Amino acid sequence: MTTDFAATKRMFHLPDGVIYLDGNSLGPLPLAATARVTETVVAEWGELLIRGWNKAGWMDMPSRVGDRIAKLIGAEAGHVVMGDTLSIKVYQALASALEMSDRRVILSDTGNFPSDLYMAQGLCRTLGSDYVLKTVAPEGVVEAIDDSVAVVMLTEVDYRTGRRHDMAALSARAHAVGALIIWDLAHSAGAFPVGVAAGGADFAVGCTYKYLNSGPGGPAFIYVAPRHSQKVQPALSGWLGHESPFAFDRDYRPGAGIERMRVGTPPILQLAALEAALDVWDEVDLDDLRSASLALTDRFIAGVEAACPTLELVTPRDHARRGSQVSFRHADGYAIMQALIAEGVIGDFRAPDILRFGFTPLYVGNAEVDGAVAILSRIMASGSWNRPEFKARSKVT
Ligand SMILES: *Cc1c(COP(=O)(O)O)cnc(C)c1O
């Protein structure tokens, strides 16, 4: 199969006059999601009411959809389940992993997304003072994995720079010293082929509203390797992770395998949107996606470097070390990004000085790359970004 990216592009609603380079933060609306969510609201919630849990298969949605995510991240079927937000899933994986170890050190890197680090800090505080989160520079992670480490917690692709870690090598290093490893796939799932089983992940987590296009607030996923899934103890031991929720036992008993990582009532409307969004992926070969993504990011880097000498590339040139985004550094990055957005080129800004552009071959092609380069070049050459209205900071950047 050769993926027809013109066909996948037709499966999305893309507003007129917009070049969308922020699908790494919030994917666009898949056309099928509108009909699917409406059907779930009108025909299922409206007509079935409480019967929807059984008759419309709502109760099994977290694992049914999880199996479709499993295919995209190279996981074994039956070992991924949906629910909650990514921050919660990070906490859950970390708490379970720590409980499997006698050690007390969590190792992460300074490029990790703040919420992952915050969740680890909160968990350490709850567990007691001998638990610590240690962070090192991304390049220093390999050497820092020693036999004091209980759990290595890494995000595969750095949300700011787009630098990609070597999952298999770091997992092997962690296992060699008796540590466990958790991979956050927020900027990997749907961005390129991921192999959590082949890459040795003990746990993996990720969100679906970025490259997987489930919509704002879409549910996260969690993977537990089959070698651990009947042993892990969920710290967030909610009723839907119980072996028999409707027995209403007073004491918690974990459900079978990955089911125990469920917590409470699943978000059915968001899962309906996600199910529709995943239909797009049935038409996609992930190796084709990766080749197209690298071609787009190469083209954007070459175009911007040729026309905008004051923008400094922070994304690795080495394909093996790159995710599916390109970032440039500039002291006035915020204002430059606002000027771009005003001209219909939507990327985003990450403090203190990063302009970030996501490339998603499902609906971005060479024409969009060239259009974005042309507009950015014009803004930089004219200095039109240097206006007060582009410097006022909004809540979301
Ligand atoms: C986007 C992102 C999050 C966001 O977490 P939510 O709980 O879904 O808001 C967390 N971690 C990483 C690495 C991310 O990229």
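The values are calculated or read from the model by the stated rules, or taken from the named source; none is laboratory data. Treat the numbers as computed from the prediction; the structure is a model and nothing was measured. In this analysis, Cβ positions are derived from the backbone assuming ideal geometry, glycine residues included, and neighbour counts consider all displayed protein chains. Areas reflect the complete protein model, heavy atoms only, side chains present, ligands, DNA and RNA absent. Shrake-Rupley method; radii C 1.70, N 1.55, O 1.52, S 1.80 Å.
Expressed in nm², what is the orientationally averaged projection area of the convex hull enclosing the Cα positions of the stretch 41-139? If you can, show how the numbers build up before the last one.
On the way: hull surface 37.4 nm².
It is 9.4 nm².
For the stretch 172-235, how big is the tail of P(r) above 20 Å, as a whole percent of Cα pairs? Before the final figure, lay out each step's value.
Values: 686 of 2016 pairs.
Result: 34 percent of Cα pairs exceed 20 Å.
What's the magnitude of the charge dipole for the stretch 127-267 around its Cα centre, counting Lys and Arg as +1 and Asp and Glu as -1 at the beta-carbon? Answer in Debye, nearest 20. If you can, show how the numbers build up before the last one.
Details: 12 positive and 14 negative charges, 71 e Å.
In debye, rounded to 20, the stretch 127-267 gives about 340.
At q = 0.08 Å⁻¹, what log₁₀ I(q)/I(0) does a Debye calculation on the Cα points of the chain give, no solvent, two decimals?
Each listed q maps to, in turn, -0.44.
Distance between the C-alpha centers of the stretch 134-158 and the stretch 1-72? Whole Å please.
35 Å
State the percentage of accessible surface on the chain attributable to carbon and sulfur atoms; use a 1.4 Å probe and exclude ligands, DNA and RNA.
Values: 9090 of 16360 Å².
Answer for the chain is 56 percent, counting heavy atoms of protein chains only.
At a Förster distance of 35 Å, what's the computed FRET efficiency of Ala7 paired with Ile341, Cβ-Cβ distance as r, to 0.05?
Values: r = 28 Å, r/R0 = 0.81.
It comes out at approximately 0.80.
I need the chymotrypsin sites (Phe, Trp or Tyr not before Pro) found in the stretch 192-252, filtered to DSSP loop residues with at most 13 other beta carbons within 10 Å of theirs. It would help to have the intermediate numbers written out before the result.
Details: sites: Phe203, Tyr209, Tyr211, Phe221, Tyr223, Trp239, Phe246, Phe248, Tyr252; in loops: Tyr209, Tyr211, Phe248, Tyr252.
Hits after loop and neighbour filter: Phe248.
Can you list residues whose amide H is under 5 Å from Phe12's amide H, if they're 5+ apart or on another chain and H is modeled 1.01 Å from N?
Leu31
Could you work out how far apart the two model spin labels at Ser101 and Ala351 are, taking each label as a point 7 Å from the Cα in the direction of the beta carbon, and quote it in nm?
3.0 nm
What's the ranking of 85-93, 37-45 by average number of surrounding C-beta atoms within 10 Å, highest first?
Details: 85-93: 23.7, 37-45: 15.4.
So the order, starting with the most tightly packed, is 85-93, 37-45.
What figure in square angstrom, to the nearest 10, would you give for the accessible area of Asp249 with a 1.4 Å probe?
Estimated to the nearest 10 Å², Asp249 gives 70 Å².
Percentage of Cα-Cα pair distances in the stretch 319-361 greater than 12 Å, rounded to whole percent? Working shown, then result.
Numbers: 524 of 903 pairs.
Taking all Cα-Cα pairs of the stretch 319-361, the fraction more than 12 Å apart is 58 percent.
Roughly how many debye, to the nearest 20, is the charge dipole of the stretch 238-286 about its Cα centre, given +1 on each Lys and Arg Cβ, -1 on each Asp and Glu Cβ, and no other charges?
Details: 4 positive and 9 negative charges, 98 e Å.
Roughly 460 debye for the stretch 238-286.
Charges only on Cβ, +1 for Lys and Arg, -1 for Asp and Glu: so what's the dipole of the chain about the Cα centre, in debye to the nearest 20?
Details: 37 positive and 46 negative charges, 125 e Å.
The calculation lands at about 600 debye.
Need one number: nm distance between label points at His319 and Glu76, each 7 Å from Cα along Cα→Cβ, rounded to one decimal.
It is 3.2 nm.
Report the Stokes-Einstein translational diffusion coefficient (µm² s⁻¹, integer) for the stretch 82-121, Rh taken as the Kirkwood radius over Cα pairs, at 4 °C with viscosity 1.567 mPa s. Please report the intermediate quantities before stating the final value.
Details: Rh = 10.9 Å.
Rounded, D is 119 µm²/s.
Amide H of Ala186 versus every other amide H placed in the peptide plane: which residues, excluding those fewer than 5 positions away on the same chain, fall under 5 Å?
Excluding prolines and chain starts, which carry no amide H, the hits are Glu156, Cys207.
Given the C-alpha centroids of the stretch 331-397 and the stretch 307-329, what is the distance between them in whole angstrom?
14 Å
Which value in nm describes the separation of the simple spin-label points at Asp332 and Ala306, placed 7 Å from the Cα toward the beta carbon?
Between Asp332 and Ala306, the simple spin-label model gives 2.5 nm.
Per-residue HN-Hα couplings for the stretch 192-197, Karplus 6.51 cos²θ - 1.76 cosθ + 1.60 at θ = phi - 60°, whole Hz, x for Gly and Pro?
For the stretch 192-197, the Karplus-derived couplings read 6, x, 10, x, 5, 5 Hz, x marking Gly and Pro.
Show me, for the stretch 275-285, the HN-Hα J-couplings you get by feeding each phi into the Karplus relation (A = 6.51, B = -1.76, C = 1.60, θ = phi - 60°), rounded to Hz, glycine and proline as x.
So the J values, rounded to whole Hz, are 4, 5, 5, 6, 4, 4, 5, 4, 9, 10, 8.
With the other protein chains left in place, how much accessible area per residue, in square angstrom, belongs to the chain at a 1.4 angstrom probe? Can you show the working numbers first?
Values: 16360 Å² over 397 residues.
Per residue, the chain has an accessible area of 41 Å².
Kindly flag which residue pairs out of Lys9/Lys391; Lys71/Lys210; Lys9/Lys210; Lys134/Lys391; Lys71/Lys231; Lys210/Lys231 have an alpha-carbon separation exceeding 27 Å in this structure.
Going by Cα-Cα distance, Lys9/Lys391; Lys134/Lys391; Lys210/Lys231 fall outside the 27 Å limit.
Tabulate in residue order the Karplus-calculated ³J(HN,Hα) for the stretch 254-265, using 6.51 cos²θ - 1.76 cosθ + 1.60 with θ = phi - 60°, rounded to whole Hz; enter x for Gly and Pro.
Running phi through 6.51 cos²θ - 1.76 cosθ + 1.60 with θ = phi - 60° gives x, x, 6, x, 5, 4, 5, 8, 6, 10, x, 4 Hz.
By how many nm would the segment from Lys391 to Arg51 grow when fully extended, if each residue of separation counts as 0.36 nm and the alpha-carbon distance is taken off? Before the final figure, lay out the partial values.
On the way: separation 340, 0.36 × 340 = 122.40 nm, distance 5.20 nm.
The Lys391-Arg51 span can extend by a further 117.2 nm.
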